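Structure first, then comments.
The values are calculated or read from the model by the stated rules, or taken from the named source; none is laboratory data. Computed from a prediction, not measured in an experiment: that's the story for all the values here. In this analysis, Cβ positions are derived from the backbone assuming ideal geometry, glycine residues included, and neighbour counts consider all displayed protein chains. With ligands, DNA and RNA removed, areas are computed over all heavy atoms of the protein, side chains included. Shrake-Rupley method; radii C 1.70, N 1.55, O 1.52, S 1.80 Å.
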Amino acid sequence: MNLLDELRTHRLLAIVRGPDPAAALTAVLTLADSGVALVEVSLTSADALGIIRRARAALGPDFALGAGTVLSAEDARAAADAGAGFLVTPAIAPSLAEGGRLGLPVLAGALTPTEVVRANDGGATAIKLFPASLGGPDYLGALRDPFPGTAFVPVGGVDADGARRYLDRGATAVGVGSPLLGDAVRGGDPAALRERVAAFLAAVRP
């Protein structure tokens, strides 16, 4: 699985984080069935590794399923063992180097130009611009000038309208959690999740 190609092609990364493992798993499967091609399960979720294992078994080896909020080398190894195909970090952390050692692509969290340089030097596949809401699309546009070859994925406060603005300013993809998932991770209506998926897929369509 080539994470960068997947991000460029599909332009939407869904972020699943919640307190109910069964509901979170249902949300992952609903996202995939509704056309979302990249899904991250945050390790802050209850039984996150179990969710990843069960989702991997259901979705097969080729689906772009990753682990998020991966901070330590131990987290990275556990996520890989559970079946994560890529790692996402909120910051530059030991998991970045461990992901490289494991052969897993890493979407590394960074906000400032200095952090972007450090993440790139550390082998990041792409940069998770986090929290994107601090600077918005204009800040991303400013970062693109000194880093034209870097793939940025804004995360944090990205709604459907914001997704289009970030993409127009040069984002490779956007990462979306609660504006997309809503109450699905707490057992909410899957049909409502499907409607939100349709809205986001329309927003990120080239």
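Results, tabulated for the structure shown:
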item: For the chain, calculated [θ]222 nm from helices alone, where every DSSP H run of n ≥ 4 adds -39500 (n - 2.57); result: -14000 deg cm²/dmol
item: For the chain: accessible area per residue (Å², 1.4 Å); result: 41 Å²
item: Accessible surface of the chain, 1.4 Å probe, proportion on carbon and sulfur as whole %; result: 52 percent
item: Rounded, prolate or oblate (a/c below 1.5 giving rounded, otherwise prolate when a/b exceeds b/c) for the range 150-206 by Cα gyration tensor; result: prolate
item: Normalised contact order of the chain, rounded percent, pairs of Cα under 8 Å and 6 or more residues apart; result: 22 percent
item: The range 103-155, relative contact order in percent, only Cα pairs under 8 angstrom and at least six apart counted; result: 37 percent
item: L12 long-range amide H proximity, modeled H, under 5 Å; result: V174
item: q = 0.12, 0.14, 0.21, 0.22 Å⁻¹: log10 I(q)/I(0) that the Debye formula gives for the range 1-114, counting C-alpha atoms only; result: -0.36, -0.50, -1.13, -1.23
item: Cα-based equivalent ellipsoid of the range 103-205: semi-axis lengths in Å, sorted from largest, via gyration tensor; result: 26, 15, 11
item: Student exercise, the range 92-206 dipole from Lys, Arg, Asp, Glu Cβ charges, in Debye to nearest 20; result: 160 debye
item: Note, ³J(HN,Hα) from phi for the range 36-43, Karplus 6.51, -1.76, 1.60, rounded to Hz, x at Gly and Pro; result: 7, 9, 10, 9, 10, 9, 5, 5
item: Check: the chain dipole with +1 on Lys, Arg Cβ and -1 on Asp, Glu Cβ, in debye; result: 200 debye
item: Protection-proxy order for peptides 139-145, 109-115, each taking the mean of Cβ atoms within 10 Å per residue, highest first; result: 109-115, 139-145
item: Relative contact order computed over the range 18-104 (Cα-Cα under 8 Å; 6+ residues apart), in percent; result: 25 percent
item: Semi-axis lengths, Å, the range 48-179, gyration tensor of Cα atoms, sqrt of 5 times eigenvalues; result: 25, 17, 11
item: T44 accessible area, assembled protein chains, probe 1.4 Å, Å²; result: 90 Å²
